[in-house]
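Single-structure report; data block below.
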């Protein structure tokens with residue numbers, strides 16, 4: 001007789017799939033919880049919109065400012081020489097190329113001297129002929145003098161009866177003519193010597209030599225090329241005497257030229273070596289601006305007035321090259337430790353003041369746009385009275401009047417009875433919107 005298994009209601013619910021789930025697996029419990037969580041997140045993100053602005057602040061510091069004048073220019077050799085030709089002719093040989101180091105007196109190129117050699121031969125022949133004429137004139141003078149002496153002796157012995165006065169005058173005139181012919185022949189010798197010397201000099205100048213010791217920067221001639229030096233001296237080579245010491249010539253704006261003086265230290269950068277600074281020193285500042293047209297005697301009043309400053313650069317490493325564009329920062333002044341604030345604090349205007357004055361709201365640095373921003377910047381000058389806003393513990397702003405001093409473009413020296421180092425001044429309003 002088999003046993004009968006009794007089925008319970010719980011087993012039947014499990015078999016039919018209608019058994020009750022734990023409360024943490026029930027959908028009716030999770031949906032309300034998720035809604036509450038999303039509400040909390042939304043409140044955390046957007047619930048603070050009604051709060052005050054989120055200010056960007058910086059602390060008031062005590063520090064010294066390095067005031068600099070920035071100018072751009074190009075590097076050049078200290079002594080740059082253009083080597084040309086004073087004679088015309090065909091280039092027979094070019095013995096150097098760009099970047100070659102040359103010594104003073106070294107041969108750079110040779111010009112064909114066939115024509116010059118013929119001129120030398122001709123001038124030597126002319127000199128020989130002139131010397132022969134001198135000897136001929138001297139012999140003629142000796143004969144005429146002897147004839148004059150004989151006539152004078154006869155005249156003495158005859159007690160003035162012979163020769164006649166006419167014969168004596170003719171003999172004296174012949175001597176003078178012979179003396180003049182001798183002087184002319186001697187002058188012709190000197191002229192022939194000068195012409196020969198010129199031809200010899202031209203032949204020597206047909207060999208182009210380096211006037212200095214240095215480096216060849218530019219070569220503008222090739223073998224077989226014809227050089228014509230009739231009206232102007234053509235440039236064949238450009239040499240740099242010494243690249244270990246170079247010049248940096250920069251253009252200084254007229255607003256800054258009063259601060260730049262000889263002897264001031266400077267640093268500069270070039271695009272070839274990003275992030276690397278090279279030292280320099282101001283050698284001189286030109287008194288005349290580059291806008292003065294000296295040839296026409298007029299001034300270009302419609303152009304920006306700039307003055308050239310020359311800086312001495314040590315290039316012992318050989319990294320710098322002529323022609324490189326450089327941006328120089330000339331250290332014009334170093335202030336003592338004084339209280340400074342960021343320039344953004346001087347330009348900041350609270351939102352309520354912007355709305356009252358009709359300024360454009362939005363954006364950093366005081367939220368001023370267009371011409372209004374330029375007008376505010378123009379008032380931030382040394383000795384002007386400005387207002388900065390200090391952020392209090394309660395989140396409110398407290399305006400403080402300050403007197404501005406020198407500025408390096410980022411920070412400005414200020415004096416005030418209320419402002420102290422360590423206070424937080426507002427520079428802008430942070431925008432929470434993407």
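If you wrap a convex hull around the C-alpha atoms of region 114-203 and split its volume per residue, what is the figure in Å³?
It is 59 Å³ per residue.
For residue 180 paired with residue 154, estimate the spin-label separation in nm (one decimal), with each label point 7 Å from Cα along the Cα-to-Cβ line.
Here the answer is 2.5 nm between the modelled labels.
Could you please tell me the mean projected area of the C-alpha convex hull for region 242-334, averaged over all directions and given in square nanometres to one decimal?
For region 242-334, the mean projected area of the Cα convex hull comes to 7.4 nm².
Semi-axes of the equivalent ellipsoid for region 83-147, please: Cα gyration tensor eigenvalues, times 5, square-rooted, ordered largest first, whole Å.
48, 13, 7
Each reported figure results from applying straightforward, stated rules to the coordinates on display, with no laboratory input. Remember, it's a predicted structure, so these values are computed and weren't measured experimentally. Cβ: placed from backbone, ideal geometry, glycine included. Neighbour counts: every protein chain shown.
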